[in-house]
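Report on the following structure.
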Amino acid sequence: MVDWNEGLTEKQRRFVEAYAANGGNATEAARAAGYRKPHPQGAENLQKPTIKDAIEKLRGSTTTAAVLTREERQAFWSQMVRGDAQDGDGNPPSFRDRLRASELLARSQGDFLDRQETTSDSMMKEFLDSIMGTTLPVASARILPPESR
């Protein structure tokens with residue numbers, strides 16, 4: 001465990017914990033920590049190097065272990081597809097779960113991307129058609145600059 005709160009006062013420690021928990025709102029974190037003037041004091045705290053370091057250390061220690069990397073997700077899905085993974089009772093995954101894992105693995109590797117080529121003329125034509133409710137030839141869908149009107 002990373003010792004993120006070294007050198008902080010109790011109020012600063014509470015500020016850092018609240019800041020990390022609330023998604024990064026300094027005013028709310030200062031209010032939760034007990035500061036009398038949360039708005040300016042929250043902003044001031046974010047300027048202090050010891051508090052900035054503590055926030056980074058706390059975030060790093062909590063998110064690094066909690067969030068799977070892409071490789072870990074793909075390894076898990078691969079285990080599911082092969083039937084190597086087990087649930088809490090020691091049962092292998094169902095066929096439905098294995099199929100879903102196969103789909104997620106394929107999507108994560110870009111196997112199902114639909115690529116469409118569009119041009120600005122065709123996009124402009126579709127836009128004008130939707131506004132005007134008519135079908136226009138592509139050539140008449142061009143917008144002229146103000147000086148040439």
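Rule-based calculations on the coordinates, nothing more; no lab input. Source: prediction; values computed, not measured. Using ideal geometry, Cβ is built from the backbone for each residue, glycine included, and neighbour counts are taken over all protein chains shown.
Among 100-110, 17-27, how do they line up from the highest to the lowest mean number of other beta-carbon atoms within 10 Å?
Numbers: 100-110: 14.0, 17-27: 16.7.
Per-residue mean Cβ counts within 10 Å order the peptides as 17-27, 100-110.
Label sites at Asn25 and Glu103, each approximated as a point 7 angstrom past Cα along Cα to Cβ, lie 3.7 nm apart.
Along its three principal directions, the equivalent ellipsoid of segment 10-66 from the Cα gyration tensor extends over semi-axes of 19, 11, 9 Å, largest first.
If you average the sequence gap of Cα pairs under 8 Å that are 6 or more apart and divide by the length of segment 10-66, what percent do you get for the contact order? Can you show the working numbers first?
Numbers: 59 pairs, mean separation 16.8, N = 57.
Answer for segment 10-66 is 29 percent.
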